[in-house]
1. Of all the residues that make up region 106-162, how many are over 24 Å from residue 313 (Cβ atoms) and assigned to a strand (DSSP E or B)?
2. Within region 357-378, is even one residue assigned to a loop (DSSP other than H, G, I, E, B), in contact with a helix residue (DSSP H, G or I) (Cβ under 8 Å, 6 or more places away or on another chain) and farther than 25 Å from residue 241 by Cβ?
3. Could you check how many residues of region 48-92 are in a loop (DSSP other than H, G, I, E, B) and within 19 Å of residue 132 (Cα to Cα)?
4. Among the residues of region 465-485, count how many are part of a helix (DSSP H, G or I) and either modelled with pLDDT of 95 or more or in contact with a helix residue (DSSP H, G or I) (Cβ under 8 Å, 6 or more places away or on another chain) (or both).
5. Give just the number: which of (1) surrounded by 18 or more Cβ atoms within 10 Å (Cβ to Cβ); (2) outside any helix (DSSP H, G or I) does residue 45 not satisfy?
6. Looking at (1) exposed (fewer than 15 other Cβ atoms within 10 Å of the Cβ); (2) free of Cβ contacts under 8 Å to residues at least 12 places away in the same chain, find the lone condition where residue 418 falls short.
7. Would you mind telling me which numbered condition in (1) assigned to a loop (DSSP other than H, G, I, E, B); (2) out of contact with any helix residue (DSSP H, G or I) (no Cβ under 9 Å at 6 or more places or on another chain); (3) within 15 Å of residue 268 (Cα to Cα) residue 488 fails?
């Protein structure tokens, strides 16, 4: 079935902008990540309405002429202008009271020039009640496929028919893989993918480039999912994931089964919550993005909320995907009300809770936390996430499984072969099985320490090395016994054991 070219984010936003301008809106803001794309949209709208389109920036002044012009002077002059036109303010600095008043008076008019703020409007601008707010979403798969077709035409004109044909053939796959990128970012990465040797190399090129774009953005990063074989214990969580994976099958919709929404993993530090998040993505066959909530907070008013909007827009565009919110409890510390952060944490938490409740795209959220006292009750109610799992210290069988992974399976997966041991593997595994109170991270650390001791003496790892390392470990179960007891008491009434 052919796609309707009017049903893309670009076309829908252009139609909406044209509609509100014709209805008399004269003060507007357009949220957009890609400024060049937003400018092209406004030029298209201006051409349709037969309105002149002008720009202003603090660096280039009016229409890019390079002569600085105070913004309040421009806005006051527009109040005296009776002719229609579209004035685009590119990333305007914080407005003084005169400029804010002029913008509000322009917004109250229904004739004359319209002023449109392009970028992320400040809270002061958003507070103008008459201002019309629009948002230009990132390109969808159909727009990206069209972008790939345009790039193929450019390659043909440049005398490169081979890469052009490859890009046409790969366009649907690459367009899906490029979701979540701005038009500028996608254009650059699609051009690189077109020059790859084969389809697999093209996909790898785009995936690597996309991961780099996300990393440089500073908010999200791609993380490699991990098989459940690399996670010792947590049998109930694994069984739950196997069931939830069924909900992502196409036939599940016909059975009125909604997409899985996610889990909250609460538990003792070092017991596998982070690894479990990566396992969730693998078991659901989803890509994984990681968010550290602390990265959302910026130094200027409104920046933190804008960062949250960018994150949620990106993950919804990339969906289906898993979003790992790491150490959520630390990221929302101070959200109980306006304090030294002027209420920023409370507003970010409110925005996150709203998105968790109202998101419609298949984004599976895995939130991890250590301190349950920092979690608001609104986060733990049904509807935002599917389940809460408590990750406790491993029992004897789970410790044995963790030891087996770090002594044998993990080295084999990384090196192709497990290092030789001085003593039989079961002897070392039984030693860890008997080490009550150790977390998974503490077991791994003891095995690494034992390997270093053996390596320093140019011999294989022996049982005595591991016994010394285990006995030297001071576990959290001993140093923070009170906290763990309180956490277990909470989990007995509020969570399922993982």
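The values are calculated or read from the model by the stated rules, or taken from the named source; none is laboratory data. What you see is a predicted model; the values in this text were computed from it and never measured. Here the Cβ is made from the backbone with ideal geometry for all residues, glycine too, and neighbour counts use every protein chain on show.
1. Counting residues in region 106-162 that are over 24 Å from residue 313 (Cβ atoms) and assigned to a strand (DSSP E or B) gives 2.
2. yes
3. Here the count works out to 5.
4. 10
5. The one condition residue 45 does not meet is (2).
6. Condition not satisfied by residue 418: (1).
7. So residue 488 meets the others, but not (1).
Each row is one residue, and each column tells you yes or no for (1) within 30 Å of residue 436 (Cα to Cα); (2) modelled with pLDDT of 85 or more.
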residue	(1), (2)
188	no, yes
198	no, no
211	no, no
250	no, no
253	no, no
256	no, yes
266	yes, yes
269	yes, yes
284	no, yes
